[in-house]
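**Q** Next up is a structure, given as structure tokens.
Read the figures in this text as sums done on the coordinates, not as results from a lab. These numbers come from a predicted model, not from an experiment. Cβ placement follows ideal geometry from the backbone for every residue including glycine, while neighbour counts extend to all protein chains displayed.
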Amino acid sequence: MEIERVKQNKVTSFADLGLSEDILKAIQDVGYTTPTPIQEQAIPYVLQMRDVLGCAQTGTGKTAGFVLPMLEILGSGRARARMPRSLILEPTRELAAQVAENFQIYGKYHKLSMALLIGGETMDEQIRNLDRGVDVLIATPGRMIDLYERGKVMLNDIKIFVIDEADRMLDMGFIPDVEKIAGLLPSMRQTLFFSATMPPEIRKLADRFLSNPKSVTVAPPSSTSENVKQIFVNLPQNNDWLKREALRTLLRREQVQNAFIFCNRKRDVATLQKSLSKHGFNAGPLHGDMTQSERTATLEKFKKNEISLLVCSDVAARGLDVEALSHVFNFDVPFHAEDYVHRIGRTGRAGRSGTAYTLVTPDDDKLVNAVEELIKKKIDRESIGDLPEPRPNVGHSHRRVSAHRGPRRDHHRQRNDRPSEKRNQGDAPSRDFKETQPAPATTRVAQPPTQRSNSTQDRFADDMPAFLRRPVTTGSR
Ligand code: AMP
């Protein structure tokens, strides 16, 4: 497969890319002046009806890279045809919802309609929408298949198929579903395949889905914006209570309008959010164990400034687009240096300035070095004076003993966009430690009734074989 890059600087405006007036007007309304590199490269190929293999991450503008030319192509056909003409698959509900939002913004001068088909929400509304006839489907794979199998949607007329975030689809075990869906589509179609990374298995997959594609690629962000002031806060010990105290001190000291606070583990998200709330901070949680409606409600509150601090995990927050964030706090140094770049890139957007604090303990040396190596910059360090003597880490033996890098591929993640599963997609796995006390109620996975009351079983539930988890029936039949 040939790698082809369109020479940059050759194209300078959206109009040069071959987009029509209606789209240019919508782009102008949203305030974009020049295409991003992925848009510059991908849009002309999509308009030529070529298959595209795009290597680009969230944050590079890739959504507009496929939505804009898709609008252009569909706009020249018949709007509100009986059957959808385009299908976009996303690994998570949030990403799907964001693409739908983009579709509405860029398509405001078009009469095209779309249906957002995601798990965790009632099917009725989605089915009603489908019944009215839509042009574009934006879906998570599980819900797409469910609706197809119920006979609620026809895929025989799909002309443009987008597989977005393919590496995350792979991580989350969605590839069989994606393959199944691809098998339901007409073979004469245009396929656009995007992935943040291109390991060999993704390439093989791309080879199966794409026909003579044009490859476009943009470098993953490995540098941080000059607009973000970065500070590493040295703590004398790796101690949860001390970290929370340090965070509170920073929150009180800084002019924080709104902030994302990142934890490496989802169970810590819930604990930290509760602790902050108890101390009078206006904080909400965002992690993979929350139901979709809880997540949506929390995000809405954050966007409306009803909540000013959002405690979140990387997966839950990935792809979320919140403008004008004043601060990012890393409660933990991320296991993966690239996540540091993503996290702090949430602030200092669109010419605004922002500040990113990272709590650093003596156990974090390797992770800190990895971050500084990646961004090729030494980050300023400071200490907080007058921190009280730390309390011991009661009940937690899950401190990192070494800078172990947690596995990125988590094939144990639940496949949660099935309607029957209320819980959302997983966060960073917590496999590098063992829980020695029951997790807080909001993060605890529901257990059968016979186990719920048994704290010892609860404690070891993670390691317990499935047959031991089944409820025990007593008495003869
Ligand atoms: P994405 O990678 O598609 O998630 O886009 C990341 C962010 O970039 C979103 O906030 C978009 O609104 C924004 N964006 C997309 N294209 C442009 C552009 N050409 N100029 C400025 N911002 C853009």
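**Q** Considering only the other residues whose Cβ falls under 13 Å of the Cβ of LEU251, what net charge follows from Lys and Arg at +1 and Asp and Glu at -1?
**A** Net local charge, LEU251 excluded: +3.
**Q** Note the full-extension length gain between LYS378 and ILE105 as 0.36 nm times their separation in residues minus their Cα-Cα distance, in nm to one decimal.
**A** Details: separation 273, 0.36 × 273 = 98.28 nm, distance 3.94 nm.
Result: 94.3 nm gained on full extension.
**Q** Let me ask you something else. Is there a quick way to get the dipole size of the stretch 23-131? I mean about its Cα centre, with the Cβ of Lys and Arg at +1 and of Asp and Glu at -1; what is the value in debye to the nearest 20?
**A** In total the dipole reaches around 440 debye.
**Q** If you don't mind, there's one more thing I want to ask. Mind listing the long-range amide H neighbours of LYS229? Cut-off is under 5 Å, sequence gap 5 or more, other chains count too, H placed in the peptide plane at 1.01 Å from N.
**A** Close amide H contacts, sequence-distant or interchain: GLY354, THR355, ALA356.
**Q** Would you list, by chain and number, the lysines whose Cα falls below 26 Å from the Cα of LYS111, excluding same-chain residues fewer than 8 positions away?
**A** LYS25, LYS62, LYS152, LYS159
**Q** Reachable lysines from LYS278, Cα under 20 Å, same-chain residues fewer than 8 places away excluded?
**A** LYS243, LYS266, LYS301
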